[in-house]
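Peer 1: The structure's right below; bear with me while I get my questions together.
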Amino acid sequence: MSDRHTTESHSGQSFETLAIHSGNTADPLTGAVVPPIYQVSTYKQDGVGGLRGGYEYSRSANPTRTALEENLAALEGGRRGLAFASGLAAEDCLLRTLLTPGDHVVIPNDAYGGTFRLFAKVVSRWGIDFSVADTSDPASVRAALTDRTKLIWVETPSNPLLGITDIAALAAVARTAGVRLVVDNTFASPYLQQPLALGADIVVHSTTKYMGGHSDVVGGALVVSDAELGEELAYHQNAMGAVAGPFDAWLVLRGIKTLAVRMDRHSENAARIVDMLSSHARVTRIHYPGLPEHPGHETAAKQMKAFGGMVSFQVAGGEEAAVAVCDRAKLFTLGESLGGVESLIEHPGRMTHASVAGSALEVPADLIRLSVGIESADDLLADLRQALG
Ligand SMILES: Cc1ncc(COP(=O)(O)O)c(C=O)c1O
């Protein structure tokens, strides 16, 4: 790969500017201000090996995907961004690039169910084992390390319990142990939190969520600061092949342009909803890092710009009561996923986190998860009040 794929400088521009301009250079042929969707698999060569612009085959590189990858690197303050067909494809590529049989990984006690399934049911079959730790407590992570540990994996805020991990503190643990720190930044997005600047080695995204932002694309990303590691991952991205297609890359690039304004509104609306839930008689517990009583509140306030749009809460009456609230919601659409402009509600135990049942990551049966959208907060509050009954 050429240096074209490595973001060298961020020229001191603010996040909002980078989100709109990084990677989004005007089309050299027409001047189109939005990068075209290069819906193409192969490229004409001017004689054998004579590539125009470095492109030979779209699994290896595609100009629309390059635009997104440059943008991702700039937003996370990294040197290399890589775009994949899904968040899990990005995770799979990362794990199979960095790990070999006999290696060990420390994973969090709260995480997306599909990530846990990847470790427990897929990667483990190739001789890679893992220990579960409370990543909000550096001592718990230190205790889980072995002489075979290669990676510490963190989600912060975590899915679905909104646990907070101090990224800088865990980066210090990882550095001392000589292992790499991976941070899944899906819930926060780079607008709210930049793990590489806090010492993480690798950032993972499901770009399906806030980055895409409109529930119309599935995608994933890896971003790293170390150019050599970026090169190694890019080699495996091409060798394994689960790349983002041109249209999907274009949709994510388009979504990112409004990320900053969307995240501000998501965060404001979530705070208003938490305010209402806090005094609701049927709500027994709220998981939201913006609450002063949340154990990770101070850390979140330190490492995040705002507390984001995800809220989980538990209700009186157990599992059936929680399911009934989800079923009664109207404006909050009952569905998996998160991070889109429209508000979603779900029951993690039976939906997104069914695959962690019976494991150390099992979620409370009376838990409801909200992805608070950017509709009118008043309308969202009215819907939730009627759903709670
Ligand atoms: C925190 C987190 N990481 C990773 C993923 C996996 O991403 P994808 O569904 O795009 O494969 C998800 C999906 O919900 C997620 O919530």
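The values are calculated or read from the model by the stated rules, or taken from the named source; none is laboratory data. Model, not experiment: these values are computed from the prediction. Cβ sites come from the backbone with ideal geometry, for glycine too, and all protein chains shown count toward neighbours. Side chains are part of the model used for accessible areas, which takes the heavy atoms of the whole protein and leaves out ligands, DNA and RNA. Shrake-Rupley method; radii C 1.70, N 1.55, O 1.52, S 1.80 Å.
Peer 1: One residue is enough: does region 216-230 have a residue meeting the conditions open to solvent by 10 Å² or more (accessible area, probe 1.4 Å) and in a strand (DSSP E or B)?
Peer 2: Among the residues of region 216-230, not one is open to solvent by 10 Å² or more (accessible area, probe 1.4 Å) and in a strand (DSSP E or B), which makes the answer no.
Peer 1: Would you tally the residues in region 103-127 being aromatic (Phe, Trp, Tyr) and open to solvent by 40 Å² or more (accessible area, probe 1.4 Å)? Working first, answer last.
Peer 2: Pass one, region 103-127, residues aromatic (Phe, Trp, Tyr): 112, 116, 119, 126.
Cutting the leftovers down to open to solvent by 40 Å² or more (accessible area, probe 1.4 Å) gives us 112, 126.
Residues flagged as aromatic (Phe, Trp, Tyr) and open to solvent by 40 Å² or more (accessible area, probe 1.4 Å) within region 103-127 amount to 2.
Peer 1: Please verify whether SER359 is under 20 Å from PRO289 (Cβ atoms) and more than 12 Å from the ligand (Cβ to nearest atom), treating the condition exactly as stated. Don't jump to the end; show me each part of the working.
Peer 2: Details: under 20 Å from PRO289 (Cβ atoms): no; more than 12 Å from the ligand (Cβ to nearest atom): yes.
Spelling it out, it is not the case that SER359 is under 20 Å from PRO289 (Cβ atoms) and more than 12 Å from the ligand (Cβ to nearest atom).
Peer 1: Looking only at helices (runs of 4 or more DSSP H) that lie completely in region 128-212, which have at least 2 residues being open to solvent by 20 Å² or more (accessible area, probe 1.4 Å) and either free of Cβ contacts under 8 Å to residues at least 40 places away in the same chain or within 11 Å of the ligand (Cβ to nearest atom) (or both)? Outline the logic, then answer.
Peer 2: Values: elements: 138-144, 167-177, 189-192.
Helices (runs of 4 or more DSSP H) meeting the threshold: 138-144, 167-177.
Peer 1: Additional query: Which one of these does GLY389 not meet: (1) closer than 20 Å to GLY163 by Cβ; (2) over 18 Å from the mean Cα position of the chain (by Cα)?
Peer 2: So the condition that GLY389 fails would be (1).
Peer 1: How many residues are part of a loop (DSSP other than H, G, I, E, B) and either among the β-branched types (Val, Ile, Thr) or without any contact (Cβ under 8 Å) to a residue 12 or more places away in the chain (or both) when one looks only at region 18-36?
Peer 2: Taking region 18-36 as the starting set, the residues that turn out to be part of a loop (DSSP other than H, G, I, E, B) are 22-36.
Remaining after also requiring either among the β-branched types (Val, Ile, Thr) or without any contact (Cβ under 8 Å) to a residue 12 or more places away in the chain (or both): 25-34.
Summing the residues that are part of a loop (DSSP other than H, G, I, E, B) and either among the β-branched types (Val, Ile, Thr) or without any contact (Cβ under 8 Å) to a residue 12 or more places away in the chain (or both) in region 18-36 gives 10.
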